[in-house]
1. How large, in Å, is region 2-77 by the Kirkwood hydrodynamic radius built from its alpha-carbon pairs?
2. So, how do all the Cα-to-Cα distances of region 33-113 break down into 10 Å bins, in percent, from 0 on up?
3. Residue by residue through region 95-105, which ³J(HN,Hα) values in whole Hz follow from phi under the Karplus form 6.51 cos²θ - 1.76 cosθ + 1.60 (θ = phi - 60°), with glycine and proline marked x?
4. Tell me what the chain gives for mean residue ellipticity at 222 nm when only DSSP H runs of n ≥ 4 count, each as -39,500 (n - 2.57), the sum divided by the residue total, rounded to 500 deg cm²/dmol.
5. Can you compute the modelled spin-label distance between ILE41 and LEU80, with each label point 7 Å from Cα toward Cβ, in nm?
Amino acid sequence: MRSLLYVTSALVVMALAYWAYSENYKTQASLDRVEDLQLEIGQMQEQLTVLRAEWAYLNRPDRLRDLAELNYDKLGLLPLAPEQFGRVDQVSYPIEELPEITEAFDVIGEIDQ
């Protein structure tokens with residue numbers, strides 16, 4: 001009976017050792033993946049910083065003004081002036097007209113009041 005207990009205990013210890021071994025490798029793989037993702041995030045943040053700097057450089061008001069003057073014949077763009085802006089109450093919003101009801105609908109049940 002004791003030998004069965006020893007064999008069972010040894011099998012349980014080996015099963016737990018195998019489980020711990022596999023969990024260790026899964027954890028190491030996950031940590032490697034996290035490290036790769038953090039490196040990728042850092043590279044993307046650098047790219048985003050460069051793109052924002054390029055966007056700011058290309059959208060300089062003096063550059064845009066010069067481009068508008070250069071391409072005035074093609075585009076007809078004029079510089080913005082305060083007179084071109086209006087107030088919110090001057091905006092005319094379209095009035096949505098409801099479609100005409102052409103079919104009858106059956107109503108089932110009672111209306112609670």
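Just so you know, all these numbers are worked out from the coordinates, no wet-lab data involved. On a predicted model such as this, the values are computed, not experimentally measured, just so you know. When we count neighbours, we look across all protein chains shown, and the Cβ atoms used for this are built from the backbone with ideal geometry, even at glycine.
1. 18.5 Å
2. Pairs per bin, as whole percents: 12, 15, 16, 16, 15, 16, 10, 0.
3. Whole-Hz 3J(HN,Hα) from phi for region 95-105: 8, 7, 8, 6, x, 6, 7, 10, 10, 8, 10.
4. -22000 deg cm²/dmol
5. 3.6 nm
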